[in-house]
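Enquirer: Take this structure first; my questions come after.
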Amino acid sequence: MSLWAVVLISSSAAFAVKYAGYLVPQRVLEAPLASRLANLLTVALLSGLVAVQTLANGQSIQLDARVPAVLVAIGLFSLRVPFIVVVLVAGIVAALLRNFGLMS
């Protein structure tokens, strides 16, 4: 199968999924269960992305300076610190750990 065939099939599948969303009746989307599931799914997907970006190195799991930085970020978020401060502090934690050779 050529690259263009894969692109066209993938594009068609993405369009079909998006179009199917428009066919769902409004009363289904306004139901409390659907709203709650959508909110929980968003949190689960974001958590999965954060975990993969933090722990993955190719096909293996690697514990490096990103893990303590994310733990610091979680702690700061629980204290309701502004986002930019969380990003800066987590970056500084990772940089210091790498600089002093404590974690690669």
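Enquirer: Please get the size of the charge dipole for the chain, origin at its Cα centre, with Cβ charges of +1 on Lys and Arg and -1 on Asp and Glu, quoted in debye to the nearest 20.
Expert: The calculated dipole for the chain is roughly 140 debye.
Enquirer: Would you mind checking the tilt of helix 66-78 against the longest principal axis of the Cα atoms of the chain, expressed as 0 to 90 degrees and rounded to 10?
Expert: Tilt relative to the chain: about 80 degrees.
Enquirer: Just one of (1) 8.8; (2) 11.0; (3) 7.0 is mean projected area of the Cα convex hull in nm² calculated from these coordinates, so which is it?
Expert: Label (2) holds the value from this structure.
Enquirer: Moving on to the next point. Over the alpha carbons of region 63-104, what is the largest minus smallest coordinate on each principal axis, giving the biggest first in Å?
Expert: 30, 16, 9 Å, listed from the longest principal axis down.
Enquirer: Counting other Cβ atoms within 10 Å, keep those with at most 11, restrict to DSSP loop, and tell me which trypsin sites (Lys or Arg not before Pro) in region 18-104 are left.
Expert: Taking region 18-104 and a limit of 11 other Cβ atoms within 10 Å, the loop trypsin sites (Lys or Arg not before Pro) found are Arg80.
Enquirer: On a 0 to 90 degree scale, rounded to 10, what angle separates helix 83-99 from the longest Cα axis of the chain?
Expert: Around 50 degrees separate the two axes.
Enquirer: Modelling each spin label as a point 7 Å along the Cα-to-Cβ direction, I'd like the Leu63/Val50 distance in nm, to one decimal.
Expert: About 1.9 nm separates the two model spin labels.
Every read-out reported here was derived from the displayed coordinates using simple, explicitly stated rules and does not represent laboratory data. Everything quoted here is computed from the prediction, not taken from an experiment. Because the Cβ atoms are built from the backbone with ideal geometry, glycine has one as well, and the counts that use them run over all protein chains shown.
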